[in-house]
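The values are calculated or read from the model by the stated rules, or taken from the named source; none is laboratory data. Not measured: the values here are computed from a predicted model. All Cβ positions, even for glycine, are placed from backbone atoms using ideal geometry, and neighbour counts span all protein chains on display.
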Amino acid sequence: MTTTLARTTPLLAIAALALTLGGCASPADRTAMTPQNLTISKHYPHSLRVQTSGGAETGAMDSSNVSDPDLKAAIEDAVIQSKLFKTIVQGSNGDYELSVRLSSLSKPLFGATFTVDMETAWTLTKTSDHSVALRKSVKSSGTATMGDAFAGVTRLRMALEAATRNNIEQGLKAVAELNL
């Protein structure tokens, strides 16, 4: 009995420490993914519909992910805050449709500094004639250090949010360079 207890006590202590330091993964926060103070000089008098794909929900045993609805909401919030388009519409009745597909996401498994690399495909289409106004691959990254958060899962989520925020900012700036 004492031998079994002596063997399991260190294992339980290690498991408790891992749970304390690691915690459970949480999904990226749509507010933290939205670029703040995004300055865009163009303001289109058109309506915009946003579609997203390629994201993933964060499962109980997964690392943090970006879901399609959260990515969509962050893009829409950034468009509204920057006044890039006059209105955001749901359904198929917008003047333009912005489709953003998350094509690759590279996340570290461990470390003191976490850097997340992301690539998305941005396509802006005029809905009346289905002409493509923009097709662009946007690459971004985000980093979080031990100074940002002690828990690894929190650092990963923060790096993921920063990469997404940077990606949205780059994508919207590319849209703002168009003559619509």
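Applying the selection to the stretch 104-127, what residues are of a type in the set (Phe, Trp, Tyr) and touching a strand residue (DSSP E or B) at 6+ places or on another chain (Cβ under 8 Å)?
Passing the criteria: 114, 122.
For the stretch 132-166, which residues satisfy the criterion of being within 13 Å of the chain's Cα centre (by Cα) and surrounded by 20 or more Cβ atoms within 10 Å (Cβ to Cβ)?
138, 142, 156, 157, 158, 159, 160, 161, 162, 163, 164, 165 - these are the residues of the stretch 132-166 that are within 13 Å of the chain's Cα centre (by Cα) and surrounded by 20 or more Cβ atoms within 10 Å (Cβ to Cβ).
Mind counting the residues in the stretch 57-87 that are surrounded by fewer than 17 Cβ atoms within 10 Å (Cβ to Cβ) and not small (Gly, Ala, Ser)?
Residues in the stretch 57-87 being surrounded by fewer than 17 Cβ atoms within 10 Å (Cβ to Cβ) and not small (Gly, Ala, Ser): 9 in total.
Restricting attention to the stretch 100-117, report how many residues are crowded, with 18+ Cβ neighbours inside 10 Å and either touching an Asp or Glu at 6+ places or on another chain (Cβ under 6 Å) or modelled with pLDDT of 95 or more (or both).
2
Farther than 15 Å from residue 170 by Cβ, at pLDDT below 95 and not aliphatic (A, V, I, L, M): which single residue out of 87, 52, 145 fits that description?
None of the others qualify; the one that does is 145.
Here is a list of conditions, (1) modelled with pLDDT under 90; (2) within 13 Å of the chain's Cα centre (by Cα); (3) aliphatic (A, V, I, L, M), and residue 74 meets all of them except one; can you say which number that is?
All conditions are met except number (1).
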